[in-house]
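Please read the structure below before turning to the comments.
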Amino acid sequence: MSTALEGVRVLDMTHVQSGPSATQILAWLGADVVKVEALGGDITRKQLRDLPDVDSLYFTMLNCNKRSVTLNMKSAEGKQIFTDMVKQSDVLVENFGPGAVDRMGFTWDLLQELNPGLIYASIKGFGDGPYTHYKAYEVVAQAMGGSMSTTGFEDGPPVATGAQIGDSGTGIHAVAGILAALVQRGQTGKGQRVTVAMQHAVLNLCRVKLRDQQRLGHGPLPEYPNKEFGDSVPRSGNASGGGQPGWAVKCAPGGPDDYIYVIVQPPGWAPISELIGRPELAEDPEWSTPEARLTKLDKMFQLIEEWSVHHSKWDVLAALNAHNIPCGPILSTQELIEDSSLADNDMIVEVDHPQRGSFTTVGCPIKLSDSPVKVETSPLLGQHNEDVYVRELGINRERFAELQKNGVI
Ligand code: COA
């Protein structure tokens, strides 16, 4: 079966997480992704290693289904080879520090001249303005995109979320831009520049918090658990953020992840009152309407917890779902990696790796009926030098050996 991006060639100059997460999705959608690495390789190959002398999980889990070539972009011959590769590519993606590709000598003007159909995507920390030249990592973007100030509890410090919304969240935004540019190129024949800033991507994901910032101008936010409000949206603990109240309540036997997140929609209240052994609350005007409950959400969830604390999160999940009540047990990383339904959905997959034997990774969350994804290993450093340089670029074997000897590849 063919794949959605068959025939699309991506020159992947990404490193660490934000860029690699984007090009991994492109590879899963069927693009031929050639990762161009400095001779020392993407720094994450060696970071946070769990086994000596083999590519780290950090690298293998973000670079599946790609090919790898090494190329010294600071050498004249390296720049010449890169020029030839740009001419044969559809997409160039990079997430170096600001100005790095320009300093290599490849401005957007030059890249367009070399290949007018090229789509050139960059991920940076920030857009134009006072922060343009600043570097950024995951939590820097969470700090400056609205996530940290709104995450955590009122009486605690700002908190970073475990979901990598700054890196992988930005990667997904970049994929959307690249795919849109490919569609537009189909009409115009022209490539274009795609830029995504991590601060912007996180802000996009924090959209509802700016909704609440504006609502705050008209009075306190009644669905928030907070008693006092200042000028900005406060940290609201586990409040749902939507129009229906929710909270994480404790379950048995009381371990760190023995909680379930429960949402109380209006029709859910009667069955919940029944389940928690307080059926009279379904009719009690003090409790029966969403408006009445809104003034005492803390007490409502306390009542639910007095029941849930005696049951496992799995039993609570079954009991609530029997009444169509939205809820979600808090799943630990161990529970996730062992979850058979995620494995059945190809979301937890085992991949053979030439050095590691095999490793577990997270599969592709985008399912296309006519473009199946088979997750395959990340490449070893420079594994495809010969394929790309000799067979595809036509460099003869003598010159190939010279390039190796001279530290160009
Ligand atoms: N050959 C030769 N040199 C190469 C090369 C190659 N194939 N590939 C990269 N390099 C060089 C670059 O030219 C650059 O050198 P220069 O600064 O002398 O011009 C250097 O390697 C890379 O610099 P930089 O990207 O700034 O690396 P860093 O480790 O100092 O910073 C980040 C890392 C992530 C902070 C930075 O890349 C960044 O801010 N990126 C944009 C935001 C982002 O994606 N952050 C999230 C990462 S998960």
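The values are calculated or read from the model by the stated rules, or taken from the named source; none is laboratory data. These numbers come from a predicted model, not from an experiment. Here the Cβ positions follow ideal geometry from the backbone for every residue, glycine too, while neighbour counts run over all protein chains shown.
So here's what we get for this one:
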read-out: Single residue of Ser18, Ser56 found to be among the polar types (S, T, N, Q) and farther than 24 Å from Ala197 by Cβ; value: Ser56
read-out: Leu210 at pLDDT 95 or above, more than 14 Å from the ligand (Cβ to nearest atom), under 30 Å from Gly78 (Cβ atoms) and not in a strand (DSSP E or B); value: no
read-out: Looking only at the stretch 162-201, and only at residues there that are within 12 Å of Ile25 (Cβ to Cβ) and more than 16 Å from the ligand (Cβ to nearest atom), the one that is nearest to the chain's Cα centre (by Cα); value: Ala176
read-out: Failed criterion for Ala136 (all others in (1) more than 18 Å from Ala22 (Cα to Cα); (2) near the ligand (Cβ under 8 Å from one of its atoms) hold); value: (1)
read-out: Members of the stretch 135-158 that are within 19 Å of Leu210 (Cβ to Cβ) and β-branched (Val, Ile, Thr); value: Thr150, Thr151
read-out: Cross-chain or 6+ apart pairs with Cβ under 7 Å, the stretch 176-188 first and free of Cβ contacts under 8 Å to residues at least 40 places away in the same chain, then surrounded by fewer than 18 Cβ atoms within 10 Å (Cβ to Cβ) and aromatic (Phe, Trp, Tyr); value: none
read-out: Cβ-Cβ under 6 Å pairs, at least 6 apart or on other chains, the stretch 130-148 side farther than 21 Å from Gly99 by Cα and touching a residue at least 24 places away in the same chain (Cβ under 8 Å), far side outside any loop (DSSP other than H, G, I, E, B) and more than 13 Å from the ligand (Cβ to nearest atom); value: Gln142/Met148; Gly145/Leu203; Gly146/Leu203; Gly146/Lys209
read-out: Per-region count, the stretch 35-82, residues within 12 Å of the ligand (Cβ to nearest atom) and part of a loop (DSSP other than H, G, I, E, B); value: 12
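Let's see how each residue does on (1) in contact (Cβ under 8 Å) with a residue 24 or more places away in the chain; (2) not acidic (Asp, Glu):
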site	(1), (2)
Ser312	yes, yes
Ala318	no, yes
Ile325	yes, yes
Glu338	no, no
Pro354	yes, yes
Leu368	yes, yes
Pro379	yes, yes
Glu386	no, no
Lys405	no, yes
